[in-house]
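Read the structure below first, then the notes.
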Amino acid sequence: MIQKLEVPIRMTTMGMVATLSTIDFYGVFSYSKGTKKRGTAIAFDAKECESTTSFPLKNIHQHQIEYLKLWTHCGGLGFFMIHFKEVHPDQAFITPLSLVLKYWDDVNARKSIPLSDFKPEWLTDIDDYLEYFRKKK
């Protein structure tokens, strides 16, 4: 059961304004292991870019990083689903938080993650991304 979080809207004198949210999706991925049913809490934010060479870190916000760090610290699985629209139109990378943090935490690092740092085994069909986790169990 994966749910899409709605973007909170605040009414101001200037009209409706979207406020900061946490991440796009959260829920529980359940699977069978032997005769027992298991579940893993997952949370992720879906991102896309038109670049064919790298993913710009400006597409990620500090509050999303902090939320996913806390989520993983509590035992959940937190990641970014990153879609390079021009390179893989129907697929996205299940990108570990550790890869994003490698660039995010290094103030002297690039401002983007090179496509070459995304592992082919992280690539999954956008319409059936949970299959990625079924294969890993």
Scan of the stretch 79-121 for residues that are of a type in the set (A, V, I, L, M, F, W, C), within 13 Å of Ala46 (Cα to Cα) and part of a strand (DSSP E or B), ordered by number:
Phe79, Phe80, Met81, Ile82, Phe84, Ala92, Phe93, Ile94
Subset tally (residues that are at pLDDT below 90 and part of a helix (DSSP H, G or I)) for the stretch 122-134
7
Just wondering, is there one or more residues in the stretch 48-56 that are part of a helix (DSSP H, G or I) and either under 24 Å from Glu131 (Cα atoms) or basic (Lys, Arg) (or both)?
no
When the stretch 59-79 is examined, which residues are found to be hydrophobic (A, V, I, L, M, F, W, C) and under 22 Å from Ser30 (Cβ atoms)?
Leu68, Trp71, Cys74, Leu77, Phe79
Lone qualifier among Lys85, Lys137, Lys102, Lys69 - being modelled with pLDDT under 90 and surrounded by fewer than 18 Cβ atoms within 10 Å (Cβ to Cβ)
Lys137
With the condition kept exactly as written, say whether any residue in the stretch 92-107 is more than 17 Å from Asn59 (Cα to Cα) and free of Cβ contacts under 8 Å to residues at least 40 places away in the same chain.
no
Please go through the stretch 54-84 and pick out each residue that is of a type in the set (Phe, Trp, Tyr) and farther than 13 Å from Tyr103 by Cα.
Tyr67, Trp71, Phe79, Phe80, Phe84
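The values are calculated or read from the model by the stated rules, or taken from the named source; none is laboratory data. Being a predicted model, the structure only gives us computed values, none of them experimental. Using ideal geometry, Cβ is built from the backbone for each residue, glycine included, and neighbour counts are taken over all protein chains shown.
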